Amino acid sequence: MKRAAHRPKLGVQGPVVAWQDPWAGEASDRIMRTGTGSVCPSQDPKPEPERFLNALRDLQTEFYVHHVIPGADHSTLLRDIANAEMDICLGNEYGNINGPWVEGTNRYDVPDNLVAEAGRTGRCIGLLYDEPEHLQINAGQYRKDGWFPHWGPTDGMSLDASRREVERAAAARAGHVRRVLEEAGLERLSAPLISEQVFPVMFHTLARAGMDVCPKIMKESFQSLQLCTALGAAKQYGRSMWICADLWGPDAGTWFTRFPGFPGHSPEEFDSALKMGYWMGPSHLFVENIDVLLRSTGRGFEKTEFGEIWTEFARKYVPEHPLTWDYSQADPDIVIIHSDDSNYGQNKNLFGNRNLEADTHSQSVFHIWHLLSRGEIPPHGSCMHIPGFDFPRHELKRQVPLASFPLEHGFATDSGKSVHPLFYPVNNVLAYDGYVSGRMLGLPKLIIAGGSSLSNETYSALIEKAEEGAVVVIAEWLLPQDCPAKQRESGRTGAGRWIVSPHFLDERIRETVDPFLGEERCWMQRFGSAEVRMFAKDEGGFTLDFEIGHIMR
């Protein structure tokens, strides 16, 4: 039976530095709307709501992402968005930055009455939690009066207990929102909590708690690692997968620039990133933020080069390239299994616990990605917030006073080099956590199990998969103390192989894994019978070419 076409919903997030919120007006200039640690005066004239809504329509906006301004009245906003026949997603970023915070945390929750009011419009599709993994681990990012992790304190707990506490708190919040909607007579409304993440950690923990998954692409991520991890979490726990194309980033260049690092990606990279995100088949795809796409002139809006790219993508590329699959059909040849330890290379404050530091077992997942990417992904972290990366936006910030922004033609750094490519080749990989079942694993050809812990159920599933024909590479420290002697030795078992190793960068493991790495200089993801093949379009991999093929089943 032919599968029906899948079309992700397309959305746009509101302004942060360009103009005042069309509904809140001056109230939006009295708070910090970015994570820069200061109030940024608006650069452009404030548009009236109707003009702003017309601009959203012109951008083909199906849902609007609006970060709630604490204390403001949102009734007119909700009514106007609903009357414009758009959906709305309410976010918590401004409250995270400014407060008020939930007691004992650095987290702002959208108030119950606003959740109910948004629900009654019939157009509220979710509550966006901005970088909750970041604010759990780096609890002092915004709130400076103490150590208050996003989901609550974990100091003094074991790693496993810290993970379970974060899961418990996120699940409790998701349950509370459901009860608020039920008490408002909206029990049939789905308004999930959405975990929008810059770091590729805690996807599995928060999905296990009931949150939908939303990886940020571009930003400071290694794209294949970020997306393969998010895809795995969404598939393992049956959650929706949103994608945020985040224009904040590390680079600077001769493109329209609102603020250092905004945008921190070239127009060409943005174009490729939108297509990359689209081919992953997400449920929702949105861009952060609208004030890179448009200028407000007082007479109306003018599109920037980024706005032209988004419009071309929404109006032409999406309709001309229909999807016959979605993210839930991701079907890996290679599976990574690792405990979700919340370590992206910072090696401390695991799950916000100041008593926990990452040991070599926790860091082993970085070695796995390094191995599977043919050395393209570094062996000491899973994003660019690790030693070895110097962001060009820092030079822009040092050399250009904030009063000079926006920069119509951007800023050429002394080096002229960008640091954030899109292309990191891997061959049809998904990442699951240490609780994955044998049924969920399916029939991969290669499974690599690392991290600090593994459930008994998953360990049994690995033995089963090796018997069925997979090559299973497992860290020796994950073997149960009472496992049979045969399982402590590498060799053939059933139709497959069982490889035990103390280190994933061992030459023997490289030789074992090499036949599974696929075509060089190709990143491939399979969804059902469809293969999405991505190649570096330029020497540095900042832009991508795409090939879509199908395999016979």
Problem - Approximate spin-label separation residue 112-residue 390, in nm, with each point projected 7 Å along Cα-to-Cβ - result: 5.3
Practice task
Could you go through segment 36-45 in sequence order and give the Karplus-derived ³J(HN,Hα) for each residue, using 6.51 cos²θ - 1.76 cosθ + 1.60 with θ = phi - 60°, rounded to whole Hz, and x for Gly and Pro?
Solution key: 7, x, 8, 6, 9, x, 5, 9, 10, x
Problem - Straight-distance crosslink candidates among lysines, where the alpha carbon sits under 18 Å from residue 397 and sequence neighbours closer than 8 are dropped - result: 219, 417
Fill in the blank from the handout: For segment 457-468, Karplus-derived ³J(HN,Hα) couplings (6.51, -1.76, 1.60; θ = phi - 60°; whole Hz; x for glycine and proline) come out as 4, 5, 4, 4, 5, 5, 4, 4, 5, 5, 4, 7
Exercise for the section: Evaluate 2.2 N^0.38 Å with N set to the residue count of segment 9-324, then give the Cα radius of gyration divided by it. Expected result: 0.95
Fill in the blank from the handout: Taking placed amide H atoms and a strict 5 Å upper bound, the residues 5 or more places from residue 124 or on another chain that come that close are 88
Exercise for the section: Would you please give the residues with an amide H less than 5 Å from that of residue 449, counting only those at least 5 places away or on a separate chain, with H modeled from the backbone geometry? Expected result: 337, 473, 474, 475
Exercise for the section: Give a quick list of trypsin sites (Lys or Arg not before Pro) in segment 142-192 that DSSP marks as loop, anything other than H, G, I, E or B, with at most 14 other Cβ atoms within 10 Å. Expected result: 144, 188
Handout entry: Relative counts (whole %) of C-alpha pair distances in the chain, using bins that are 20 Å wide
Key = 22, 57, 21, 1
Fill in the blank from the handout: Highest mean packing first, using Cβ neighbours within 10 angstrom, the peptides 313-319, 464-470 sort as 464-470, 313-319
Practice task
Let me have the 222 nm mean residue ellipticity of the chain computed from DSSP H runs of 4+ only, each contributing -39500 (n - 2.57), with the sum over all residues rounded to the nearest 500.
Solution key: -8000 deg cm²/dmol
Completion exercise
Sorted by chain and number, the residues with a modelled amide H under 5 Å from that of residue 246, at a separation of 5 or more or across chains, are 217, 219, 288
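Values quoted throughout were computed directly from the atomic coordinates according to the rules given, and no laboratory measurement underlies them. Just so you know, these numbers come straight off a predicted model, no measurement behind them. A quick note on method: Cβ atoms are made from the backbone with ideal geometry, for glycine too, and the neighbour counts reach across all protein chains shown.
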